[in-house]
1. Quick one: the Cα spread of the chain along its three principal axes, in angstroms, biggest first?
2. What's the whole-number percent of alpha carbon pairs in region 191-349 lying beyond 26 angstrom?
3. Quick one, can you get me the convex hull of the C-alpha atoms of region 538-685 expressed as volume per residue in Å³?
4. Sum up the charges of everything whose Cβ sits under 15 Å from the Cβ of residue 45, counting Lys and Arg as +1 and Asp and Glu as -1, but leave residue 45 out.
5. I need the trypsin sites (Lys or Arg not before Pro) found in region 569-635, filtered to DSSP loop residues with at most 14 other beta carbons within 10 Å of theirs.
6. For region 651-687 and region 545-589, write down the distance between their C-alpha centroids in whole Å.
7. Under a point spin-label approximation (7 Å from Cα along Cα-to-Cβ), what is the residue 41-residue 574 distance to one decimal in nm?
8. Enter the angle in degrees (range 0 to 90, nearest 10) between the Cα long axis of helix 277-336 and the first principal axis of the Cα atoms of the chain, meaning the one along which they spread out most.
Amino acid sequence: MPVELHTSNRRIMVGLLGAMLLVLWGFVAYWSWSQRKSIIASNTVVLEQLTTAAEEQTLRLFRHAETSLMASNFWMADHPQTDPGDSPSFIALVDRLRQMSDGMLDIRMVTSGGGLHYIPRRGPKPLANVADRDYVRAQAQMQTRGFFIGNPVVSRVTGKWGIPVSIPVDKSGGDVSILFAAIELDRIAKTFEAERIKPLGSIAILRADGTFLFRVPIEDHVIGINIADTPSFKENYALSTKGVFISSSQFIDGKERMVSYQRLRDYPLIVIVTAGIDDLLTPWRRETATLVSIAGLVSLAIILLSLILIRAMKAEEKAQKDIEQARREAELILSTAGEGICGTDTGGRITFMNPAARIMLGWEHEDPIGQDLHANNHHTHSDGSPYAAEDCPVGRTLDDGETREALGETFWRTNGPSFPVDFIVTAIRENGKIKGAVLVFRDISERLASEQALTAQATELSRSNADLEQFAYVASHDLREPLRQVASFVSLLERRYAPTLDDDARDYIAYAREGAKRMDRLIIDLLEFSRIGHRSLPVEKVDLAGVIDEAVANLNTVIVESGAQVNRTPDLPVLPVIRDDMVRLFQNLIGNAVKYRHPERTPIVRISAKEGADGWIVSITDNGLGIDPQFSERIFGIFQRLHTRDKFEGTGIGLAIAKKIVERAGGKIWVEPAEGGGSIFQVQLPA
């Protein structure tokens with residue numbers, strides 16, 4: 001498909017998906033707006049209904065209060081000669097009126113001097129002076145005289161909030177000038193608390209001059225405040241008898257509320273019912289959030305789908321290019337591989353073959369595709385006997401699907417000659433079924449020739465070593481025999497002609513005899529050095545503790561004569577080594593430590609071991625003469641001595657033998673200076 005057509009299809013698809021997203025989110029926005037509008041409208045109706053109900057309850061409350069006060073005033077007018085505070089009939093009337101209001105009204109009397117008396121009177125003295133109260137002062141002025149609703153106050157007797165209502169008394173048997181009733185706010189709150197919309201909703205009673213008389217939930221800082229100067233009062237309460245508006249209620253808690261209000265018909269009061277906008281819109285927000293989440297998931301799915309489709313469309317073209325490139329690379333790999341690679345179907349017929357396989361199997365000039373691989377190239381063993389098809393690893397893999405590696409097999413070229421091969425055959429599976437096999441093989445003719453040459457070289461080297469060991473033995477024997485004759489004749493000469501020999505002659509004879517002994521010792525050490533590694537002693541698990549104990553036992557005479565102390569730790573390892581070599585090694589090292597002792601110290605030799613990253617390290621520490629660090633390598637050379645023969649005996653070959661034993665075991669040996677004098681020989685042996 002042309003690139004331009006692919007690009008055009010992608011643009012159309014992106015445009016369609018974009019239009020789907022616009023329609024989806026347009027629907028979400030319209031639904032959210034319409035639902036919010038519907039919820040506000042429905043709650044406006046509910047709020048108006050609650051306001052009407054609250055207005056009716058408030059009207060009944062104040063009407064009952066006014067009726068109760070007027071009934072009490074009429075009784076007093078009918079009994080001008082009777083003190084109402086002590087009259088049983090008046091007291092009974094007041095009690096009935098209180099019961100009719102469910103205890104909400106409590107009628108009291110105020111004298112002309114402002115003295116407050118309960119009914120029945122509780123003594124000649126008033127309970128409090130209320131001459132300063134607005135409901136008392138209002139009855140002294142013509143414009144406010146009559147039924148008056150005062151500011152909410154805290155009773156000076158009970159300490160409770162209440163709304164005072166009062167009327168003047170024209171005739172009375174006592175000094176009573178005013179009757180008033182206190183409507184307790186706690187009792188009103190119980191009535192309205194059940195009706196308000198929770199949690200932020202409220203019900204309030206506002207006097208026409210803007211003073212809050214009551215609010216539930218009760219807020220002490222709200223009761224009695226005047227809001228006549230607020231925008232809400234000026235723009236709503238003062239202009240109409242009822243209505244609904246949105247207010248922030250800054251003087252309460254600053255939260256946005258829907259406010260419904262209605263003026264009472266017969267009293268200068270306004271009933272206010274509010275509901276928190278958050279409360280009203282909570283269901284709407286929840287539903288909107290759910291819808292937005294769903295729309296978001298749908299949008300995400302659409303976006304992901306569009307990305308997947310775009311990538312798929314882009315990948316389609318790239319896949320075609322990649323397939324072609326992979327095909328070319330596979331052909332290149334097969335054509336340049338040094339190993340022979342060929343495939344067969346389930347019947348063993350060749351399905352492909354790379355150039356290397358064609359050359360090795362003799363198919364350079366013929367087409368092998370469709371030919372039976374076993375019948376043409378694997379039909380006979382190397383000895384000429386027939387190779388049954390059912391025994392062929394390729395056929396068995398085609399039967400059971402197991403990968404097989406065949407070593408030392410024989411392939412035959414189509415033109416006759418055979419050649420040795422190693423090959424691996426692996427089944428080709430499709431949907432769990434065997435569809436064929438792939439065979440990878442290599443001509444091992446050169447490798448086998450190299451192995452044969454190495455085997456012949458190893459055989460020749462073994463024979464040469466045996467000859468060399470025999471030569472060393474014969475040479476040492478033949479060399480020692482003349483030395484023994486020289487030593488014998490020198491000794492005989494000394495015994496026979498001793499009386500006639502002068503001192504110089506005797507010294508010469510001693511020098512000759514001592515030289516013969518040193519030469520004999522040197523030949524023995526050389527023979528021992530040459531034999532290390534040439535004897536076929538077994539490698540076995542050897543306890544080094546036993547080895548060291550044996551070496552110490554062999555040196556017992558030297559140790560006793562020198563007064564040396566040889567100590568070892570008990571936790572020595574068990575290692576795979578040649579036991580006799582280890583005895584010789586530690587006998588040399590411990591013997592040297594005793595031989596090269598310090599003349600002013602008792603020789604002490606300590607043997608310990610610790611496990612390291614490359615095996616075990618055995619430490620032989622002495623307090624002897626020590627070794628200068630500049631000679632730490634030289635001392636392991638053959639015939640290397642740091643002291644003259646007149647001070648210490650020896651041929652200088654002991655440490656060379658120790659080094660050869662350690663290296664033969666796969667380890668290494670070195671020397672370090674010991675703290676306080678002496679040397680530490682470190683022997684590292686593989687675990």
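Nothing in this text is a laboratory measurement; each read-out follows from the coordinates by a stated rule. Keep in mind that this is a model prediction, so the values were computed, not measured. Reconstructed Cβ throughout: ideal geometry from the backbone, glycine too, with neighbour counts over all protein chains shown.
1. 187, 93, 42
2. The share of Cα pairs beyond 26 Å in region 191-349 comes to 58 percent.
3. 113
4. The answer is +1.
5. Details: sites: 579, 584, 595, 597, 601, 606, 610, 634; in loops: 597, 601.
Answer by residue number: 601.
6. When both Cα centres are located, 14 Å separates them.
7. 9.8
8. The angle comes out at about 20 degrees.
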